[in-house]
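The values are calculated or read from the model by the stated rules, or taken from the named source; none is laboratory data. Just so you know, these numbers come straight off a predicted model, no measurement behind them. Cβ placement follows ideal geometry from the backbone for every residue including glycine, while neighbour counts extend to all protein chains displayed.
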Amino acid sequence: MTMIDNRPATAANPKLASKVPDGVLADKWDNYKANAKLVNPNNKRKFKVIVVGTGLAGASAAATLAELGYQVDAFTFHDSPRRAHSIAAQGGINAAKNYKGDGDSIHRLFTDTIKGGDFRSREANVHRLAQVSVDIIDQMVAQGVPFAREYGGLLDNRSFGGAQVSRTFYARGQTGQQLLLGAYQQLARQIGLGGVRLFNRCELVDIVVVDGRAAGIVVRDLLTGEITSHAAHAVVLATGGYGNVFFLSTNAMNCNVTAAWRAHRKGAYFANPCYTQIHPTCIPQSDEFQSKLTLMSESLRNDGRVWVPKLAGDNRPAAQIPEEERDYYLERLYPSYGNLAPRDISSRAAKRLVDKGHGVGPLRNGVYLDFSAAINRLGRSVVEERYGNLFEMYERIAGENPYDVPMRIYPATHYTMGGLWVNYELETTIPGLYAAGEANFSDHGANRLGASALMQGLADGYFVLPYTIGNGLAPLLNKTIPGTDHPEFKAAEQAARDRFNGYLNVKGTRSPDWFHRELGKIIWDYCGMERSQAGLEKAIGEIPALYEEFKKDLRVTGTGEGVNQTLEKAGRVDDFFQLGMLMCKDALVREESCGGHFRVEHQTEEGEAQRDDENFCNVSAWEWTGNPSESNLHIEPLAFETAHLATRSYK
Amino acid sequence: MTKTLTNLTLKIWRQDGPAGEGRFETHVIDAISDEASFLEMLDVLNERLITQGKEAVAFDHDCREGICGTCSLMINGQAHGPQRATTTCQLHMRTFKSNDTIVIEPWRASAFPIIKDLMVDRAAFDRIVEAGGYITAPTGGAPDANLIPIPKPVADAAMDSAACIGCGACVAACPNGAANLFTAAKVAHLNLLPQGQAERYRRAEAMVEMMDEQFGSCTNHGECSAACPKEISIDVIALMNKDYRAAKFKNRKELSRI
């Protein structure tokens, strides 16, 4: 198979104008805000904004926009906004507060994030993220988030991978939960006040574009099956990532790519789909019917030591393997970061050792994360205080007590850095359609650092979109927008009805889950932790064949009216198929290794990722053409004016 | 090491819709690994039902890590099943034995109407939070996060209450269908913190009254706390009652205007 790589040095695509403001890096966001158009408080109520998704980015955006006076309609497929998957983030949230006085600053958070992303993110976006990080902590404390504190009453911090300072704020092992509840409470207040109308148990099934501008959305009511249209001046997608394309991931069962993918099909470019993050510390798979993998927070690596037996195939229980026969490989390979080496690097190191036969556990598919040294040094009660709930969770799932026996961990898909392409204003290539949080591609480059997802979700929702949406809406004042009776809405509704009736009418033999599992195996094998040209080409051949089978042999029982979870799943799996093809294609044309994208053909002698800055210091943005195998590639070049392109080293 | 459980009889509540008449349906699981989670066992059943051309059992679930609060289920009459401090999604089959009969029902509470099969509507919880379960802190005006030190024991106690996942097990376990533990956990979380003081009494009054409109009354059985997967202490109810009583005095000027 040959792939046409149209990475030209020629004229840039005007749709990919990044809209980065003028000025030196540190002044860009202030310059933007100083020059952004405003909407008078009395005029804000004339604008309707739709927010899809109620995780950190969606809930914070909906609440803030409603506080400002916009009419907001918020949509979630959950029963309550509080269920969004942000809730499962464990470890913490980064912010350049420098409360520890250990040398942190906005600039250092910026450079750590750029370097962590392996120089594949947009400098100006990342710098803005570092700037607003400090406001997030203030905002969340004011809302009553019970962050961990020291005895004097001040906020506590801990360290996370890829940083040499302590800048991570946390609420036990439930930071995501507490931040989401904070944002949810603020959203609930607006719902109570009438500023936000909430549509729960409603799933987005299409985006409507009229005259090149986002005009609204089409949703399916998951309780009745009814398909309805909603018009607005602007639409925000805060619908999370696509990690469930792998079937097994740490994502919640209902996480899906549908909203982003339907936007893509309507003209939004999809950027860097091959940038997926494998998290190094998850509980290894135990059986074939496993439905998801569970993450153990990266914060555990603050006190846990990662090791495998030096002898491949060593059958002895951990306690019987003497110290000198253990390989603390992260400490050995990356002495300055040790057990806190970034996620992509730690994951690949684990994979290499397991592949060589050093794996531990009944299926030999894990490595040890050992707390015995920390328990000896700090005492059991301190370890319990820091990680108690994580230890309990591990014991419930694995059936072993990590105070006595080292945890067994292995990498699993966790986060997707790729997503809808957005400019500096978080606007996609469809004017009026914005993407926030994990759904966009902008801030993490090819690899996200720990405790940065919560930071980005809240930054986008609280401190970026409220400014940029105002700038976008101001020129639309008193102009009429297309209503839901517009033919484009009617056509999209009909297409959605046809799509869901189509799944019911295949009447084949296999469940949507069966196809999802098979698709996941292909993606994991060929587009997972390591990718090769031969493997990717194989996947690009196998996925369309399986997709054809899906269209012919799918079985969805029940009807289109009322609750039908099998039918919901069929729609999501359909979109995962199409995304999966694009992911593999993206991984194939990116002939370099960077961050989470590791091509075996491009590695150093020591097996580390080898970037090709001459040819690939850019963003791949894909345009839908009607067939995911034939998408058009467009390039946004990346320029590094402040950070210096360097080989990432954590030695 | 992994064991296989055999011959499990499931008696599952099926109900076509909110107005439909419910019934128990019996299914036998011939063999399942004890490493499987309870919901993975239901996944296996559903996959089989679809293969047989039958409708899958509808149940709410999402994160499967015990934190989102979406999953529910009365398992052999117990909310979230027999294991203490464990949500249904974290319950594993190693808790059961071969030849067991397992009765699976939805949450039983009139404030949580059944939507379908094992799925219920918990929007009543959201209405309690909308009534006052927040701190009014619009985006943008917050002072520095370290401006107000919070003693560690206070922050810890607030966190203990804030750990509530809003699953509804407390209501399902309560013989009165009361939501006092859920409501009090949120009241305690916010009323313990210095940031929550400005609205303390308004919050307590508004939330309790919205709760009373929708749920049964608390008669101190304590089943809620025993069923709570996050082990929220029943002490929070005492704190809520104290603040509600105080609110009735402190807010009396507002009341007299009605």
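When restricted to residues that are under 24 Å from A:LEU65 (Cβ atoms) and among the hydrophobic types (A, V, I, L, M, F, W, C), the range A:221-254 contains 7. Selection of the range B:69-85 for residues being crowded, with 18+ Cβ neighbours inside 10 Å, touching a strand residue (DSSP E or B) at 6+ places or on another chain (Cβ under 9 Å) and not aliphatic (A, V, I, L, M) yields B:SER72, B:HIS80, B:GLY81, B:GLN83.
The residues on offer are B:ALA188, B:ALA226, B:ALA206, and the sole one that is more than 28 Å from B:THR86 (Cα to Cα) and of a type in the set (A, V, I, L, M) is B:ALA206.
The residues in the range A:74-109 that are crowded, with 24+ Cβ neighbours inside 10 Å, more than 9 Å from chain B (Cβ to nearest Cβ) and not in a loop (DSSP other than H, G, I, E, B) can be counted, and the count is 6. Scanning the range A:522-565 for residues that are touching a strand residue (DSSP E or B) at 6+ places or on another chain (Cβ under 7 Å), within 14 Å of another protein chain (Cβ to nearest Cβ) and over 20 Å from B:ARG48 (Cβ atoms) gives a single hit, A:GLY562.
Take the residues of the range A:328-371 that are among the small types (Gly, Ala, Ser) and more than 24 Å from A:ALA163 (Cα to Cα): which is surrounded by the fewest Cβ atoms within 10 Å (Cβ to Cβ)? Taking the candidates together, the pick is A:GLY357. A:ALA171 satisfies every condition listed in (1) under 22 Å from B:PRO149 (Cα atoms); (2) more than 14 Å from every other protein chain (Cβ to nearest Cβ); (3) not aromatic (Phe, Trp, Tyr) except (2). Looking across A:GLY541, A:GLY580, one residue alone is touching a residue at least 40 places away in the same chain (Cβ under 8 Å), within 25 Å of A:ARG343 (Cβ to Cβ) and in a helix (DSSP H, G or I). It is A:GLY580. Among the residues that make up the range A:564-571, is at least one of them outside any helix (DSSP H, G or I) and surrounded by fewer than 22 Cβ atoms within 10 Å (Cβ to Cβ)? For the range A:564-571, residues outside any helix (DSSP H, G or I) and surrounded by fewer than 22 Cβ atoms within 10 Å (Cβ to Cβ): absent.
Which residue out of A:ALA453, A:ALA436 is closer than 30 Å to B:ALA85 by Cα and not assigned by TED's automatic domain parsing to the domain that holds A:PRO309? Before the answer, list the steps.
On the way: A:ALA436 fails: closer than 30 Å to B:ALA85 by Cα.
Exactly one residue qualifies, and that residue is A:ALA453.
For A:PRO284, the stated conditions hold: it is within 14 Å of chain B (Cβ to nearest Cβ) and at pLDDT 90 or above. Somewhere in the range A:328-343, is a residue within 14 Å of chain B (Cβ to nearest Cβ) and at pLDDT 95 or above? The answer is no; no qualifying residue exists.
In the range B:29-37 there is at least one residue that is facing chain A (nearest Cβ under 9 Å) and hydroxyl-bearing (Ser, Thr, Tyr).
Determine if the range A:602-620 includes at least one residue that is within 14 Å of chain B (Cβ to nearest Cβ), assigned to a helix (DSSP H, G or I) and modelled with pLDDT of 95 or more. No - not one qualifying residue is present in the range A:602-620.
Within the range A:288-321, the set of residues being of a type in the set (A, V, I, L, M, F, W, C), in a strand (DSSP E or B) and more than 14 Å from every other protein chain (Cβ to nearest Cβ) comprises A:VAL306, A:TRP307, A:VAL308. A residue that is closer than 21 Å to A:GLN565 by Cα and among the small types (Gly, Ala, Ser) cannot be found anywhere in the range B:79-90.
Of B:GLY141, B:GLY133, all but one fail to be within 9 Å of chain A (Cβ to nearest Cβ), farther than 30 Å from A:ASN564 by Cβ and at pLDDT below 95; the exception is B:GLY141. Can you confirm whether the range B:54-68 contains a residue that is within 12 Å of another protein chain (Cβ to nearest Cβ), surrounded by fewer than 23 Cβ atoms within 10 Å (Cβ to Cβ) and either in a helix (DSSP H, G or I) or among the small types (Gly, Ala, Ser) (or both)? Checked the range B:54-68: at least one residue is within 12 Å of another protein chain (Cβ to nearest Cβ), surrounded by fewer than 23 Cβ atoms within 10 Å (Cβ to Cβ) and either in a helix (DSSP H, G or I) or among the small types (Gly, Ala, Ser) (or both). On the given criteria, is B:CYS170 within 9 Å of chain A (Cβ to nearest Cβ), of a type outside the set (Ser, Thr, Tyr) and either assigned to a helix (DSSP H, G or I) or surrounded by 20 or more Cβ atoms within 10 Å (Cβ to Cβ) (or both)? Criteria not met by B:CYS170.
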